[in-house]
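Chemist: Sharing a structure with you now.
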Amino acid sequence: MRQSWWKALCVVLLAYTIIGGLLLPVPRLDIVNETIRNLYFHVPMWFGMILLFFISCVYAIRYLNSGDLKEDMYSSEFIHVGILYSIMGMLTGMEWAQYTWGAAWSNDPKQLGTALVMLIYLSFLVLRGGIRDEEKRARISAVYNVFAFALMIPLLWVLPRMVDSLHPGNGGNPGFGAYDLDNSMRLVFYPAVIGWFLLGLWITTLRIRIRLIRSREEEQDLPD
Amino acid sequence: MRLHPLFMLVRKDLLMEWRQQHALFGVLLYAGATVFVVYIMNGQPAPKVWNALFWLVQLFVAVNAVAKSFLQEPPGRFRYYYTLAPPATFLAAKMIYSIVLLLLLSLVNLLLFTVLLGLPLEQTGLFVLVAALGSLSLSVVFTFLSAIAARAQQNAALMAILGFPLVTPVLMMLGNLALKAVSPVYQPGWWTLAGVLLLLDALVVALGIILFPFLWQE
């Protein structure tokens, strides 16, 4: 399934996000001001990350059902790109927080949640790295993948109930929560979410193709 | 008389624990040494710090105690167990054994804290109850992770790095629940929080029972 229409769509949407996101009018809010434009770059990273991890978990379940090593390879590549997205989301968020909250790191539940997610998936990479046997690596990492993803969702839901949030829209802060996301911002925000997600998908498919080519080359190198 | 395999397996683990006393005393000594280090570094802390330190020590004791559930068995022996009981029963037996062990250890831990760091509790009974809930929560998560670490032929360190991010929110919930026993603060939604924690434990057990057969296959 090598179609290119969605790659074109991705380029168009991201070009629109960058140009429209920086130039179109945004509501003036106290403290936040122009930094509200970070919404188009920072928040889609989180949506993208969760979606990529979700797809990875689906492939892990498919692997457990079928035992096809290709599914395992897909699953692990989605994790790699998901981790990339989590790092980008963290950096864009911390930079924004440095100027809006006065510190790059404050005890915000969303930051804590992301830090936990990053630790979970980085330890996943450590787990995979430690196992030599391919079949065994695939099975054990698929089991951990499903276990961690299924637990992560309720844990992330619990966190904000334990510590107060500084995020816009929480605890009386001015912001762009669901209720006051301005209509003009929606026009850029939704395309941005789709565009960044497609970019993540694109990067993953490229990584998967590289892996496939490499494994084919390795097979050819083997003496018959 | 032939007992259900679940009881047989739990009994076997507990009997082994009792007969190989060096392992049990090793873990007890680990708990004692940890509390002693905390005492030396910090003296007798304020109640809130006391609470935080207690859960921190619980975490480390849990990693070391529960790691034994799967990691102490030689890999070849799993094949033998496979012929004795279905995987779900085997995992359940290991979880029960871990819970019993950690319940005992948390009482020992509490005793050591009382002796060395003082007892700044308003409601000791409630705190013991929360500590029991904590033992349950930590045991079930770490038992499953120790199964993963054992299958990956790794040590307790892998279990710790896999487990710490997963149990951090659980520890936060436990610390908050225990705070009610530590200081007379008004805590709305205490029962909801306790209920959520129990539901989470049920989720861990359910996931473990679904996923363990895959881990078990050779």
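Chemist: If packing is taken as the mean number of other Cβ atoms within 10 Å per residue, what is the order of B:82-89, A:144-151, A:113-120, highest first?
Modeler: A:144-151, A:113-120, B:82-89
Chemist: I would also like to ask the following. Mind checking Rg over Rh on the stretch B:1-94, alpha carbons, Kirkwood formula for Rh?
Modeler: 1.13
Chemist: Another question, if that's okay. Restricting to DSSP H runs of at least four residues, report the calculated mean residue ellipticity at 222 nm for the protein assembly as shown, -39500 (n - 2.57) per run over all residues, nearest 500 deg cm²/dmol.
Modeler: -28000 deg cm²/dmol
Chemist: Compute the FRET efficiency between B:F36 and A:N183 as 1/(1 + (r/R0)^6), taking r as their Cβ-Cβ distance and R0 = 56 Å, and round to the nearest 0.05.
Modeler: So the FRET efficiency works out to roughly 0.35.
Chemist: Run the numbers on chain A and let me know its relative contact order in percent, using alpha-carbon pairs under 8 Å that are six or more apart.
Modeler: 33
Chemist: Can I ask one more? For chain B, what is the convex hull volume of the alpha-carbon atoms per residue, in Å³?
Modeler: That works out to 127 Å³ per residue.
Chemist: On a 0 to 90° scale, report how tilted helix A:5-23 is relative to the longest principal axis of chain A, with both axes built from alpha carbons and the result rounded to the nearest 10.
Modeler: Relative to chain A, helix A:5-23 is tipped by roughly 30 degrees.
Chemist: Sort B:136-149, B:189-202, A:56-69 by the packing proxy (mean of other Cβ within 10 Å over each peptide's residues), most packed first.
Modeler: Ranking the peptides B:136-149, B:189-202, A:56-69 by packing returns B:136-149, A:56-69, B:189-202.
Chemist: Right, here's the next one. Which of the residue pairs A:K7/A:K70; B:K68/B:K94; A:K110/B:K180; A:K70/A:K136 have a Cα-Cα distance greater than 19 Å in the structure shown?
Modeler: Distance filter (> 19 Å) returns A:K7/A:K70; A:K110/B:K180.
Chemist: Using only Cα atoms, locate the centre of the stretch B:171-218 and the centre of the stretch A:10-36, then give the distance between them in Å, rounded to an integer.
Modeler: When both Cα centres are located, 41 Å separates them.
Chemist: Based on Cα positions only, what radius of gyration and what Dmax would you give for the protein assembly as shown, in angstroms?
Modeler: 24.7, 81
Chemist: Nearest 20 debye, what's the magnitude of the dipole of the stretch B:5-216 about its Cα centre given +1 on Lys and Arg Cβ and -1 on Asp and Glu Cβ?
Modeler: 380
Chemist: Using Cα atoms only, what is the angle between the long axis of helix A:109-129 and the major principal axis of chain A, expressed in degrees (0 to 90) to the nearest 10?
Modeler: 10
Chemist: Please compute P(r) over all alpha-carbon pairs of the stretch B:1-46, binned at 10 Å starting from zero, and give each bin as a whole-number percent.
Modeler: 24, 27, 23, 17, 8, 1
Chemist: Let me ask you something else. Taking beta carbons within 10 Å but only from partner chains, what does the mean come to for residues B:152-160?
Modeler: Averaged over the peptide's residues, the number is 3.
Chemist: Compute the angle between helix B:5-19 and the longest alpha-carbon principal axis of chain B, please, reported from 0 to 90 degrees and rounded to the nearest 10.
Modeler: Value to nearest ten degrees: 60.
Chemist: I've got another one for you. How many angstrom separate the Cα center of the stretch A:55-131 from the Cα center of the stretch B:93-131?
Modeler: 35
Chemist: Can you pull the percent of Cα pairs in the stretch B:60-161 with separation above 21 Å?
Modeler: More than 21 Å apart: 40 percent of the Cα pairs in the stretch B:60-161.
Chemist: For the stretch A:43-212, how big is Rg over Rh, using alpha carbon atoms and the Kirkwood form of Rh?
Modeler: On the Cα set of the stretch A:43-212, Rg over Rh gives 1.01.
Laboratory data are not the source of any read-out in this text; all were calculated from the coordinates shown. Computed from a predicted model, the values in this text were never measured in an experiment. Backbone-built Cβ (ideal geometry, glycine too); neighbour counts: all protein chains shown.
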